[in-house]
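Engineer: One structure is given below, represented as C-alpha cells, and several questions about it will come after.
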Amino acid sequence: MLAEHEFDRALVIVAHPDDAEFWAGGIIACWTDAGFAVTYCVLTNGETGGYNTSVPREDMARIRRAEQQQAAALLGVTDVRFFGLAEGELRVGDKQLRRELVRLIRQVRPQRVVTWSPEWNWQRFRSCHPDHRATGEITLSAIYPDAGNPFAHLPLREEEGLEAWTVREAWLINSPQANHYVDVTETFERKVAAVKLHHSQTGNRQNLAAELRDRIAANTAAAQLPAGRLAEEFQVVITG
C-alpha cells in the first residue's frame with residue numbers, strides 16, 4: 001500500500017448521494033483532517049430513494065443534491081461532482097460514462113480511488129444494488145486500462161490536455177473480500193452527523209448512531225482492535 005508521503009489526493013466515486021458517508025465517512029474525515037484532498041463523484045440523482053411518500057419525486061434529486069453537499073462539507077470535502085444520471089439505469093457497458101470517468105480521473109489525478117465493489121456480497125445482499133455493482137465495474141475499467149493509457153480516448157489528451165494518469169490503489173466498499181481495516185473511532189461521530197444530514201433518507205431512523213455502530217462492530221475483531229474501537233473495512237487493490 002501507499003506510504004503516507006505518497007498520498008495526497010483521493011477520488012470517491014459512488015452511485016448515490018449518501019453512499020460515501022454511510023460506507024466511508026470515517027476514513028474520509030481522517031483524510032481531510034490530515035490535509036489530504038478528497039473529491040466526490042456521485043453518479044445518479046438518487047431520485048427513487050427516501051421514505052416519505054408525500055415528497056414529490058421531481059423534488060427528490062434537488063433535495064438529495066443539497067443534502068450531499070452539506071454532508072460532504074461536514075467531512076471536509078468541498079469538491080463534489082454530480083453526474084446527474086437516472087437512478088437504477090447505470091449500465092456496465094456505458095462507454096460514454098466510462099469516458100467521463102476517465103476524464104475525471106485525469107482531472108483530479110488521485111493516487112487512491114474509493115468506489116463500490118463490483119462483486120455480490122452475499123453477507124450484505126441488500127447492499128448489492130445494481131447501481132453499486134455497475135459503479136464499481138465501470139470505475140475499475142476506467143482506472144485500467146483507460147485512464148493510464150495515453151492512447152485511450154485521444155481527444156482527452158489532444159483537445160483537452162488531459163494526460164494519462166495511473167491510479168495507484170482502489171479501495172472497494174462492500175467487498176466480500178475485505179483485506180484492510182481502518183480505525184475510525186475518532187471520526188465516527190462526524191460520520192454519524194454526516195449521515196444524518198441525508199434527512200430524506202434517514203429522518204425516520206431514530207437510532208441511527210446505534211445502527212451504524214452495529215453495522216461495523218464486527219470489524220473491530222477483524223482489525224484486531226481493542227473492544228470499543230470502531231473500524232471501516234475495504235478491499236484494497238493495487239492498481240498501479
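Each value in this text was obtained by applying a stated rule to the coordinates, not by laboratory testing. All figures in this text were calculated on a predicted structure; none of them were measured in a lab. All Cβ positions, even for glycine, are placed from backbone atoms using ideal geometry, and neighbour counts span all protein chains on display.
Engineer: Regarding segment 176-191, can at least one residue be identified that is closer than 26 Å to GLN70 by Cβ, buried (at least 16 other Cβ atoms within 10 Å of the Cβ), hydroxyl-bearing (Ser, Thr, Tyr) and within 19 Å of the chain's Cα centre (by Cα)?
Structural biologist: There is at least one residue in segment 176-191 that is closer than 26 Å to GLN70 by Cβ, buried (at least 16 other Cβ atoms within 10 Å of the Cβ), hydroxyl-bearing (Ser, Thr, Tyr) and within 19 Å of the chain's Cα centre (by Cα).
Engineer: Return yes or no: is GLU87 of a type outside the set (Val, Ile, Thr), in a loop (DSSP other than H, G, I, E, B), crowded, with 17+ Cβ neighbours inside 10 Å and in contact with a strand residue (DSSP E or B) (Cβ under 6 Å, 6 or more places away or on another chain)?
Structural biologist: Against the criterion (of a type outside the set (Val, Ile, Thr), in a loop (DSSP other than H, G, I, E, B), crowded, with 17+ Cβ neighbours inside 10 Å and in contact with a strand residue (DSSP E or B) (Cβ under 6 Å, 6 or more places away or on another chain)), GLU87 qualifies.
Engineer: Follow-up question, since we're still on this one. What number of residues within segment 178-191 satisfy the criterion of being out of contact with any Phe, Trp or Tyr (no Cβ under 8 Å at 6 or more places or on another chain), outside any helix (DSSP H, G or I) and in contact (Cβ under 8 Å) with a residue 60 or more places away in the chain?
Structural biologist: The total comes to 1.
Engineer: Here's a follow-up. Restricting to segment 47-77, what's the tally of residues that are outside any helix (DSSP H, G or I) and either free of Cβ contacts under 8 Å to residues at least 40 places away in the same chain or more than 14 Å from the chain's Cα centre (by Cα) (or both)?
Structural biologist: Number of matching residues: 11.
Engineer: What are the residues in segment 19-36 that are out of contact with any strand residue (DSSP E or B) (no Cβ under 9 Å at 6 or more places or on another chain) and outside any helix (DSSP H, G or I), if any?
Structural biologist: ALA34, GLY35 - these are the residues of segment 19-36 that are out of contact with any strand residue (DSSP E or B) (no Cβ under 9 Å at 6 or more places or on another chain) and outside any helix (DSSP H, G or I).
Engineer: Then there's this: How do the pairs read when you match residues in segment 133-160 that are under 12 Å from LEU101 (Cβ atoms) with residues anywhere that are of a type in the set (Phe, Trp, Tyr), using Cβ under 7 Å and keeping only pairs 6 or more apart or on different chains?
Structural biologist: Qualifying pairs under 7 Å: THR135/TRP116; GLY136/TRP116; ALA147/TRP165.
Engineer: Which members of segment 205-239 meet the condition of being of a type in the set (Gly, Ala, Ser), in contact with a helix residue (DSSP H, G or I) (Cβ under 6 Å, 6 or more places away or on another chain) and outside any helix (DSSP H, G or I)? It would help to see each step written out before you state the result.
Structural biologist: Initially, segment 205-239 is screened for residues of a type in the set (Gly, Ala, Ser), giving 209-210, 217-218, 221-223, 227-228, 231.
So of that shortlist, the ones also in contact with a helix residue (DSSP H, G or I) (Cβ under 6 Å, 6 or more places away or on another chain) come out as 209, 231.
Answer for segment 205-239, where residues must be of a type in the set (Gly, Ala, Ser), in contact with a helix residue (DSSP H, G or I) (Cβ under 6 Å, 6 or more places away or on another chain) and outside any helix (DSSP H, G or I): just ALA231.
Engineer: Then there is this: Can you report the number of residues in segment 105-131 which are assigned to a helix (DSSP H, G or I) and touching a Ser or Thr at 6+ places or on another chain (Cβ under 8 Å)?
Structural biologist: Qualifying residue count, segment 105-131: 2.
Engineer: Would you confirm whether any residue within segment 119-133 is under 17 Å from the mean Cα position of the chain (by Cα), over 25 Å from MET60 (Cα atoms) and crowded, with 23+ Cβ neighbours inside 10 Å?
Structural biologist: Taking every residue of segment 119-133 in turn, none turns out to be under 17 Å from the mean Cα position of the chain (by Cα), over 25 Å from MET60 (Cα atoms) and crowded, with 23+ Cβ neighbours inside 10 Å.
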